[in-house]
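Below is one structure, written out as structure tokens, with a few remarks after it.
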Number of protein chains: 2
Amino acid sequence: MDSTRDRILQAAFEEFYRNGFQGGSLSHIAEKSGATKGALFHYFKNKAELGYAIVEEVIQPSGNERWIDPVKKTSDPVEAIKATFRRNIREDVKNIEMIEHGCPLNNLAQEMSPLDEGFRMRIERSYERWREAIADALERGKQRGQVKKGVGTKEVAALIVACQMGIWGTMRNTKDAELMIQSGEALCSYLDSLKP
Amino acid sequence: MDSTRDRILQAAFEEFYRNGFQGGSLSHIAEKSGATKGALFHYFKNKAELGYAIVEEVIQPSGNERWIDPVKKTSDPVEAIKATFRRNIREDVKNIEMIEHGCPLNNLAQEMSPLDEGFRMRIERSYERWREAIADALERGKQRGQVKKGVGTKEVAALIVACQMGIWGTMRNTKDAELMIQSGEALCSYLDSLKP
DNA sequence: TTGACACCATACCGGCCAGTCGGTATCTTC
DNA sequence: GAAGATACCGACTGGCCGGTATGGTGTCAA
């Protein structure tokens, strides 16, 4: 589908990704999408609603695919999490946009969570689902003897998600691919330490 | 000292901390500091320079005191890092401002690094100094037999700093003190795994 | 044929913002 | 005590922004 609504959504995602939500301009979005402000306000009742739609329709599906699904489907959680981080780091290190602007969900979280409850709720729901998926996978791994008995799966899941936010956030101002790979490998060593 | 310049700096820190740099208003800052726009532009040649001054004169000294000095002075790095995290988590969990708005340096980093090279440089320098301090301390600990031989001190330092960014960033949109304590404890377990 | 409605275009508005500028008061220096 | 520098003051400006009002056009049901 290449409907007007979709084009606006895509242009808005890029505008906000590059300039932040507050810094992004609806006029620019209309222009870039080839539509007009009339069209924009026809589909989204204000700037915030457009932002919410981006979280739910653009960012969340991509996040699920990149981060959550691979963990949900696995039969070996530690290896799956390691592989997911390694793969996503490898991909993003090659992606100049990602190096410059980091993780779109994290960006919105940092900028808008304290200012707008609608954003906070939606973003928090995304991260919570991710934490749950990791904790569940680790719990299953525990029962299979792939994860140490003493490991607090909820705590570890919280830390792993925090690590992702931190690693991607760091890249945003170091612009240093090497550092990202290093911290990724350190995280993998940590994950190995969870094995029996 | 309670000079006009200091009052402006303090008011600006709070305004930007609460509303972000782009969202913060110079008029509000002038008003809140009891000065005027004339005074503000007398001391800072534009909004960006005011932001830079905040990084260097307000945020960095506090960050050194809270995070870097305790690690530099220690004779047991792993325990010092654990204690620093525990203490800062304990402090910030009780601080409603911190829960709502997270780490001031991280906020500025996420918002401004991709948009303004002056911010990026200054912020990156802060984080780099911190990573160095941790890596040095771990290296010293290694020679004293307090840290495993196989540990990559640079990699671990990068991960630890990323964890701080992630944990404080998470708190900002969960507003959940328990989660912060949990991830902090998971980090402490990880740090213990670095011991021989 | 007509009315209703989704879809979009365009001109426009009030408000806020960063930054300017002419002016004044006080303090330093010679 | 003249002259300059420093420390402010506050009205003002031009520009951009989010949002609106209004009207046009194509489609489809009655």
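The values are calculated or read from the model by the stated rules, or taken from the named source; none is laboratory data. Keep in mind the model is a prediction, meaning the values are calculated, not measured. When we count neighbours, we look across all protein chains shown, and the Cβ atoms used for this are built from the backbone with ideal geometry, even at glycine.
Within segment B:161-179, track down each residue that is part of a helix (DSSP H, G or I), touching a residue at least 24 places away in the same chain (Cβ under 8 Å) and more than 16 Å from the chain's Cα centre (by Cα).
Filtering segment B:161-179 down to residues part of a helix (DSSP H, G or I) leaves B:161-174, B:177-179.
Those still in the list that are touching a residue at least 24 places away in the same chain (Cβ under 8 Å) too: B:161, B:163-165, B:167-169, B:171-172, B:177.
Answer for segment B:161-179, where residues must be part of a helix (DSSP H, G or I), touching a residue at least 24 places away in the same chain (Cβ under 8 Å) and more than 16 Å from the chain's Cα centre (by Cα): just B:A177.
Could you tell me which of the residues B:K37, B:K73 is free of Cβ contacts under 8 Å to residues at least 12 places away in the same chain and under 19 Å from the mean Cα position of the chain (by Cα)?
On the way: B:K37 fails: under 19 Å from the mean Cα position of the chain (by Cα).
Answer to the selection: B:K73.
Any residue at all in segment B:36-56 that's more than 12 Å from DNA strand C (Cβ to nearest atom), farther than 20 Å from B:M165 by Cβ and among the charged types (D, E, K, R)? No: zero hits. Quick one: in segment A:12-24, which of the residues that are more than 12 Å from chain B (Cβ to nearest Cβ) and over 11 Å from A:L50 (Cα atoms) is nearest to DNA strand C (Cβ to nearest atom)? Across segment A:12-24, the extreme among qualifying residues is A:E15.
On inspection, B:G102 qualifies as on the phi > 0 side of the Ramachandran plot, crowded, with 18+ Cβ neighbours inside 10 Å and within 14 Å of the chain's Cα centre (by Cα).
Might you let me know whether segment B:23-31 holds any residue that is surrounded by 16 or more Cβ atoms within 10 Å (Cβ to Cβ), within 20 Å of the chain's Cα centre (by Cα) and away from DNA strand D (no atom under 16 Å from the Cβ)? The answer is no, given that none of the residues of segment B:23-31 is surrounded by 16 or more Cβ atoms within 10 Å (Cβ to Cβ), within 20 Å of the chain's Cα centre (by Cα) and away from DNA strand D (no atom under 16 Å from the Cβ). Looking only at segment B:116-126, residues that are surrounded by fewer than 17 Cβ atoms within 10 Å (Cβ to Cβ) and at the interface with chain A (Cβ under 7 Å from one of its Cβ atoms) come to 0 in all.
Does segment B:29-48 include one or more residues that are of a type in the set (S, T, Y) and touching a Lys or Arg at 6+ places or on another chain (Cβ under 6 Å)? Looking through segment B:29-48, at least one residue is of a type in the set (S, T, Y) and touching a Lys or Arg at 6+ places or on another chain (Cβ under 6 Å).
Would you check if A:E56 is more than 16 Å from DNA strand D (Cβ to nearest atom) and surrounded by fewer than 18 Cβ atoms within 10 Å (Cβ to Cβ)? If you could, list the steps in order and put the result at the bottom.
Details: more than 16 Å from DNA strand D (Cβ to nearest atom): yes; surrounded by fewer than 18 Cβ atoms within 10 Å (Cβ to Cβ): yes.
So A:E56 fits the description; yes.
Looking across segment B:1-22 at every residue that is in contact with a helix residue (DSSP H, G or I) (Cβ under 8 Å, 6 or more places away or on another chain) and of a type in the set (D, E), the one that is surrounded by the most Cβ atoms within 10 Å (Cβ to Cβ) is identified as B:E15. Yes or no: A:C188 at pLDDT 95 or above and more than 9 Å from chain B (Cβ to nearest Cβ)? Yes; evaluated as a whole, the condition is true for this residue.
Within the set A:A135, A:A83, the sole residue that is at pLDDT 95 or above and within 14 Å of chain B (Cβ to nearest Cβ) turns out to be A:A135.
Of the helices (runs of 4 or more DSSP H) entirely within segment A:70-160, those holding at least 1 residues that are under 30 Å from B:F16 (Cβ atoms) and in contact with a Leu (Cβ under 7 Å, 6 or more places away or on another chain) occupy A:117-143.
Would you call A:D176 out of contact with any Leu (no Cβ under 6 Å at 6 or more places or on another chain) and closer than 30 Å to A:E49 by Cβ?
Criteria not met by A:D176.
Name the residues in segment A:32-53 that are more than 10 Å from DNA strand D (Cβ to nearest atom) and not polar (S, T, N, Q), would you? Give the steps one after another, and end with the answer.
Step one: list which residues in segment A:32-53 are more than 10 Å from DNA strand D (Cβ to nearest atom), which gives A:32-35, A:43, A:52-53.
Listed by number, the residues that qualify are A:K32, A:G34, A:A35, A:Y43, A:Y52, A:A53.
Can you say whether B:F85 is within 12 Å of DNA strand D (Cβ to nearest atom) and surrounded by 14 or more Cβ atoms within 10 Å (Cβ to Cβ), as far as the supplied structure shows? Against the criterion (within 12 Å of DNA strand D (Cβ to nearest atom) and surrounded by 14 or more Cβ atoms within 10 Å (Cβ to Cβ)), B:F85 does not qualify.
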